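The next block holds one structure in the form of structure tokens; read it before the comments.
The values are calculated or read from the model by the stated rules, or taken from the named source; none is laboratory data. Given the structure is predicted, the values throughout are model-derived calculations rather than measurements. Neighbour counts run over all protein chains shown; Cβ positions are idealised from the backbone, glycine included.
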Amino acid sequence: MESLFDSAFFAGNRERLRTLFPGTAPIIITANGALQRNGESTYKFRQDSNFWYLTGINKPDILLVMDKDKEYLVVPEREKVMEIFEGATDTQELSKRSGIETVVTSTVGWRQLTNRLKKVKHVATLAAAPAYVEPYDFYSNPARAALIAHIQNIRKDIEVLDLRLHMVKMRMVKQVPEIAAIQKAIDITIASMKEATSPSKLDKYEYEYELEAAINYGFRKRGAQGVAFDSIVASGANACIIHNFPAYDKLAPKSLVIVDVGAEVENYAADISRTYAVGKITKRQRQVYQAVAEVQEYAISLLVPGALIRENEKLVEHFMGEKLRELGLIKSIEHEAVRQYFPHATSHFLGLDVHDAGDYNEPLVPGMMLTAEPGIYLSEEGIGVRIEDDILITADGPVNLSAALPRNLV
């Protein structure tokens, strides 16, 4: 499949980073490392989004070095047995993809870096996350921490400068090929959802995982890398669990099922949610669905240049409060009361990460990409509804890139 990105895209991103970080300290950015799944097998590799943004390379354990007017890639030597099983690293292809002419081995690269690091007081890289990230209950990829430890082992008193905010600033506003990649991921997601959730098929699924499998199959057969995140299919009471994993339960009869999925194309994500009816639904289910649909329309209307996401969230929360009051769920519009039934944010940035890099204190500008995804979750009634679309900010207002997927309940 022909790439939407050429080497000029990645070279331009590196030049923008140099402009944002005008210091003389060498910049060293690491790729992700492969992670053990169990035994001697690994999880499917996914590149560090910032490293990919600067190089376009999807291989593990490579270093990008940008030092004054020089730049080069440092590639690890591999055991011959690994080359037999997984293939040798094609350095010419790395150069062609990234636009970086010089590619050296780890031995040569670290010799050069060691000499350089002993002469400077600062080095710039991406700070490492904690080994265990408590808010999300997962372990982080150790590559950044290992790089920093290696640098500090060479020179203990060196000051490590963090480039994460620079990368956030760069990645917030999408360039033309990025928008094209996201749109392609969205189009694949829409086609797969339409196919898998047609009325003739939806009534035949017995388990949540059958619907999940049909959608994921649609992604791959249409050329996506796979899923941008684990697909969420949740019916009945399960729909009140925001991230319902795994989808093993039976599709609850006469219920609503939330499908929250997204294909991944060249590492860029789609993120779309729809709520479908399984069998004949009740008046109450329809009322809740209509309330969420109206809140989403209002939320999308707020995504205009100059708006602040945090201020938008307050406005959406109040509007949601009005709907919850109409549904008889709350008596007064207060934060705690509203968030009992609407516990998550309405919008997040979308791009290389499904929850992409972004500064929520910055006003919206054309080229930003966000989601709009309000929801109502009534665990005591076994009703969960979420509707989510992918919105591009333009000078003329919000453009719904996923509008081609109907929002009809049935």
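To keep it simple, each residue is scored yes or no on (1) surrounded by 13 or more Cβ atoms within 10 Å (Cβ to Cβ); (2) at pLDDT 95 or above; (3) more than 22 Å from residue 47 (Cα to Cα).
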position	(1), (2), (3)
136	no, no, no
150	yes, yes, no
153	no, yes, yes
162	no, yes, no
184	yes, yes, no
195	yes, yes, yes
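Cβ-Cβ under 7 Å, sequence separation 6+ or interchain: first residue in the stretch 178-196 and free of Cβ contacts under 8 Å to residues at least 24 places away in the same chain, partner assigned to a helix (DSSP H, G or I). Which pairs?
The qualifying pairs are 195/218; 196/211; 196/214; 196/215; 196/218.
Output yes when any residue across the stretch 225-232 is in the same structural domain as residue 365 (by TED's automatic domain parsing), among the hydroxyl-bearing types (Ser, Thr, Tyr) and under 30 Å from residue 395 (Cα atoms), and no when none is.
For the stretch 225-232, residues in the same structural domain as residue 365 (by TED's automatic domain parsing), among the hydroxyl-bearing types (Ser, Thr, Tyr) and under 30 Å from residue 395 (Cα atoms): absent.
Name the single residue, out of those in the stretch 221-240 being in a loop (DSSP other than H, G, I, E, B) and of a type in the set (Gly, Ala, Ser), that is nearest to residue 375 (Cα to Cα). Spell out how you get there, then give the answer.
Step one: list which residues in the stretch 221-240 are in a loop (DSSP other than H, G, I, E, B), which gives 222-225, 228-231.
Of the ones still in play, those that are also of a type in the set (Gly, Ala, Ser) are 223-224, 228, 231.
On the way: 223: 30, 224: 27, 228: 21, 231: 17 Å.
Restricting to residues being in a loop (DSSP other than H, G, I, E, B) and of a type in the set (Gly, Ala, Ser), the top hit is 231.
Can you name the condition, by its number, that residue 101 falls short on among (1) farther than 22 Å from residue 267 by Cα; (2) of a type in the set (D, E, K, R); (3) modelled with pLDDT under 95?
All conditions pass for residue 101, except number (3).
Report, by residue number, each residue of the stretch 176-213 that is among the β-branched types (Val, Ile, Thr) and closer than 18 Å to residue 408 by Cβ.
Within the stretch 176-213, the subset among the β-branched types (Val, Ile, Thr) is 176, 179, 182, 186, 188-190, 197.
The answer is 189, 190, 197.
Which number in (1) part of a helix (DSSP H, G or I); (2) out of contact with any Ser or Thr (no Cβ under 6 Å at 6 or more places or on another chain); (3) touching a residue at least 40 places away in the same chain (Cβ under 8 Å); (4) buried (at least 18 other Cβ atoms within 10 Å of the Cβ) marks the one condition that residue 25 misses?
For residue 25, the exception is condition (1).
Tell me yes or no: at least one residue of the stretch 236-258 is in the same structural domain as residue 375 (by TED's automatic domain parsing), on the phi > 0 side of the Ramachandran plot and out of contact with any Phe, Trp or Tyr (no Cβ under 7 Å at 6 or more places or on another chain).
Quick first cut of the stretch 236-258, residues in the same structural domain as residue 375 (by TED's automatic domain parsing) only: 236-258.
Those left that are additionally on the phi > 0 side of the Ramachandran plot: 236, 254.
Now narrow it down to the ones that are out of contact with any Phe, Trp or Tyr (no Cβ under 7 Å at 6 or more places or on another chain): 236, 254.
Yes, because at least one residue in the stretch 236-258 is in the same structural domain as residue 375 (by TED's automatic domain parsing), on the phi > 0 side of the Ramachandran plot and out of contact with any Phe, Trp or Tyr (no Cβ under 7 Å at 6 or more places or on another chain).
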